[in-house]
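Participant: Have a look at this one.
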Ligand code: UDP
């Protein structure tokens, strides 16, 4: 079954290729494609092959995206691996989404190995770059005489600070007997990071008895076995974490491979017609006056929480642009009027815009009228805000976002923390307070804004000729020449 899907690899003779292996989620596919495009800017003679995994659950529709990239970038070829199936009892559990992903990746290992062997017959594979979720595939490389010559790299779509915490996870596991969730706010000492309250570690690893924890723990032990760690960040954004990793402090008992900080890698996305209307609305607002609230591709709040945000925004008196997602995915027929406090939309219509589901975030953040961003701390969102010089209020919801909040607030000093109650609920008065603090020239708001502009310049410098990220990319691609 595997062989017939791989035939097309034999059509080219000894082309030089890089193989990329994203985990099965549209966001991760997009990130790896962007990395592929970046590599092509440095080495246009290479071709990029992307191994696409189809999961037996909804991981986002990738077909239109793949078609668009194939049409515009002929040097990138997608290869669809055979669909993985999972036992129904696994699919029907309430396991973390990450657990299902790991189950798929586990079953994918022989298929990926076979695909690579097949590619290697007719191509020179200079490197195999995998999404950090996929790191345990490295096991297959070490035991296969054909594959073990191919250098492997782990691509991290989260901050270097997150990577530091994951590289250090086996050490934490050995030295601390409890689950992070039981340690509550006990501060963890992780090289390169400010003290991290245990509850702020990445969500799927809070509970030791969870399968997701086991999978991550195993997966992180493979990071140091790779030939390099490629991170979507830049040197001057996270100098302490990057140095701690590079100096080997996060992996005490084994060498740490070279670190390549090649970011910020921002994904260009198309705008739909209806989304342009919000940019027109922004055109009519004063400079840096609007706070933008948007919570990533998965950020969903309860009706009660949406209500509280609305009250907080109204009381703050600030201009706002708020993207609201449906709180109950069961009812597709929802409208903003019935969801938000009675009369809210009408009362705030002169200074607020609320849209359903999606906005062209990169363009919005770059708009001159936007002066602040309330974010769920997804790393792409954070990098997009940094590139636009926009300070943030950090309101983490899932994945590694609570760790990102600590780093943004304590280390990079580019965000204010949104403080939630124990149950994760944020009151209207907290929303009002933080939004006001961010948007007015209070002491905090002012210094965050200055810092945001400094970081914007630093990001630009990192990507310019002679900048640290350009140099890291060149170092990475040059190393393949010798291979
Ligand atoms: N995004 C967008 N419009 C929206 C919500 C999200 O364009 O209304 C984009 C955003 O610009 C970012 C990505 O979706 O590039 C979200 O990635 P991030 O890492 O911030 O969070 P995730 O969705 O992975 O949690």
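Participant: Just the residues that are within 11 Å of the ligand (Cβ to nearest atom) and at pLDDT below 95, please, taken from the range 257-277.
Facilitator: Hits for the range 257-277 are 266, 267, 268, 269, 270, 271, 272, 275.
Participant: Additional query: Could you list, in sequence order, the residues of the range 346-365 that are buried (at least 17 other Cβ atoms within 10 Å of the Cβ), outside any loop (DSSP other than H, G, I, E, B) and free of Cβ contacts under 8 Å to residues at least 40 places away in the same chain?
Facilitator: Correct list: 352, 354.
Participant: Go through (1) part of a loop (DSSP other than H, G, I, E, B); (2) at negative phi; (3) touching a residue at least 12 places away in the same chain (Cβ under 8 Å) for residue 177 and report which single condition fails.
Facilitator: (3)
Participant: Condition (residue is within 18 Å of the chain's Cα centre (by Cα) and either surrounded by fewer than 22 Cβ atoms within 10 Å (Cβ to Cβ) or more than 16 Å from the ligand (Cβ to nearest atom) (or both)) applied to the range 366-378: is it met by at least one residue?
Facilitator: No, the range 366-378 has no match at all.
Participant: OK, next. Quick one: which of 289, 302, 338 is surrounded by fewer than 13 Cβ atoms within 10 Å (Cβ to Cβ), away from the ligand (no atom under 15 Å from the Cβ) and within 20 Å of residue 375 (Cα to Cα)?
Facilitator: Step by step, each of 289, 302, 338 is checked, and only 302 is surrounded by fewer than 13 Cβ atoms within 10 Å (Cβ to Cβ), away from the ligand (no atom under 15 Å from the Cβ) and within 20 Å of residue 375 (Cα to Cα).
Residue-wise test of (1) in contact with a helix residue (DSSP H, G or I) (Cβ under 6 Å, 6 or more places away or on another chain); (2) modelled with pLDDT of 95 or more.
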{"site": "96", "(1), (2)": "yes, no"}
{"site": "122", "(1), (2)": "yes, no"}
{"site": "134", "(1), (2)": "yes, yes"}
{"site": "156", "(1), (2)": "yes, yes"}
{"site": "164", "(1), (2)": "yes, yes"}
{"site": "168", "(1), (2)": "no, yes"}
{"site": "177", "(1), (2)": "no, yes"}
{"site": "190", "(1), (2)": "yes, yes"}
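Participant: Oh, and also: Given the structure, is residue 242 part of a helix (DSSP H, G or I) and surrounded by 23 or more Cβ atoms within 10 Å (Cβ to Cβ)?
Facilitator: Yes: the conditions hold for residue 242.
Participant: For the range 227-239, which residues satisfy the criterion of being assigned to a loop (DSSP other than H, G, I, E, B), in contact with a helix residue (DSSP H, G or I) (Cβ under 6 Å, 6 or more places away or on another chain) and within 17 Å of residue 476 (Cα to Cα)?
Facilitator: Passing the criteria: 233, 234, 235.
Participant: Quick one: how many residues across the range 383-404 are under 19 Å from residue 453 (Cα atoms) and within 13 Å of the ligand (Cβ to nearest atom)?
Facilitator: Total satisfying the criteria: 9.
Participant: Can you pull out the residues in the range 403-423 that are under 22 Å from residue 292 (Cβ atoms) and in a loop (DSSP other than H, G, I, E, B)?
Facilitator: 412, 413, 414, 418, 419, 420
The values are calculated or read from the model by the stated rules, or taken from the named source; none is laboratory data. The shown structure was predicted, so the numbers you read here are calculated from the model rather than taken from an experiment. Here Cβ is always computed from backbone atoms with ideal geometry, including for glycine, and neighbour counts include all displayed protein chains.
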